[in-house]
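Read through the structure below, which is laid out as structure tokens, and then see the notes.
Every read-out reported here was derived from the displayed coordinates using simple, explicitly stated rules and does not represent laboratory data. Being a predicted model, the structure only gives us computed values, none of them experimental. Because the Cβ atoms are built from the backbone with ideal geometry, glycine has one as well, and the counts that use them run over all protein chains shown.
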Amino acid sequence: MIGIRQIVILGILAIGTYVLTSSIYTVSEVEQMIITQFGKPVGAPVISAGLKLKVPFIQEVNPIDKRVLEWDGSPSDMPTKDKLYISVDLFARWRITDPLQYFLRLRDERSAQSRLDDILNHRA
């Protein structure tokens with residue numbers, strides 16, 4: 001028969017395991033992390049791969065891609081000197097070099113893609 005003491009010990013072990021797993025996170029080779037505390041970045045970006053620790057329940061992990069990312073614009077017709085129209089397909093390759101500034105200004109890749117749409121499609 002299970003006693004109260006054993007139930008309490010199992011409960012404490014379960015809570016301890018949950019807190020421990022909440023404080024561990026993994027950084028892969030192709031990403032970097034910004035740690036936020038109550039929505040504000042704390043410390044330098046985590047750029048080295050491996051297992052890392054954070055304060056559970058207070059700090060949040062925000063992954064940012066290290067790879068070369070792509071932007072693909074919509075094709076547009078442009079006039080030539082001879083007044084002929086040619087179809088131009090726009091594309092760009094980009095990489096995040098300053099993860100902290102990226103996080104502070106854009107937060108995610110969707111916002112960055114939208115910003116690139118505004119900049120690159122406007123100049124076309």
field: Sorted peptide list for 46-55, 5-14, 78-87, criterion being average Cβ within 10 angstrom, highest first
entry: 46-55, 5-14, 78-87
query: Within a Cβ distance under 15 Å of VAL68, other residues only, what is the Lys/Arg minus Asp/Glu net charge?
result: -2
